[in-house]
1. So for the stretch 22-182, taking the charge dipole from beta-carbon charges (+1 Lys/Arg, -1 Asp/Glu), which of 117, 63, 164 sits furthest toward the positive end?
2. Taking every pair of Cα atoms in the stretch 22-182, average 1/r, invert it to obtain the Kirkwood radius, and report Rg/Rh to two decimals.
3. Grab the other residues whose beta carbon is less than 14 angstrom from that of residue 174, score K and R as +1, D and E as -1, and report the net.
4. State, to one decimal in nm, how far the label point of residue 69 lies from the label point of residue 54, with both points 7 Å from Cα in the Cβ direction.
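Values in this text are rule-based calculations from the coordinates and carry no lab data. Keep in mind it's a predicted model, so treat the numbers as computed, not measured. Neighbour counts are summed over all protein chains in view; Cβ atoms, including those assigned to glycine, are modelled from backbone coordinates with ideal geometry.
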Amino acid sequence: MSNSSIFCLFSVAALSLGLTISASATTVTIGASAPSTAVTVTFGSTLATTTPGSWSGTAGAGTANTSVVYSYLDPLSTSGYFAYAEAGSSITANFAGGITSLDLLWGSPDAFNTVTLYSGLNGTGTAESYTPGSGALAGLAATQSGASLVLFSTTGVWDSITFTSSENSFEFGDVAVVAAPLPEPASMALLAGGLLAIGAGAIRRRKS
């Protein structure tokens, strides 16, 4: 198959699936609640008791339902469980199907807290990092008190998220995510048709 045929192959595939060449755009909204289509992640005695996502933590990360002085503060102000990552630790969530939205109640926002969103599983893809008091989170004061809802949305897909802290600590709860939509059957049929047409054309050229 010639280079032009290969280029056409990828062009048809991209158009068939409704893909764009432009980079994904991320929107960060402080104080926004999760969309109505979001699914809630519930924490308990283990790091996450409900899907979606596979949740894990390094040493110094886990869940609690009460505050611990000089370690972590309860962002929920209830008896509900929340997640926390202490100094030098992290919590990772992997989403097999990908997500397009993440909403969380950020407890006592600190300048040493970081949320990193990846476009590839296990931190292998493009990373976007956010820290209170700077960049897109400049409006989220790093006051080490109170709690605030933060909504992250993308036109692309995130597969993995890490919550890290370089000091004590990063607390969050009320997590909700929106799953990435699956390709529509009609789009897949169009893609298959495009690939067959290109293959047939290549065969005819070889025979002539």
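1. About the Cα centre, the residue reaching furthest to the positive side is 117.
2. 0.93
3. Details: positive: none; negative: 74, 103, 171.
Result for the local shell: -3.
4. 4.1
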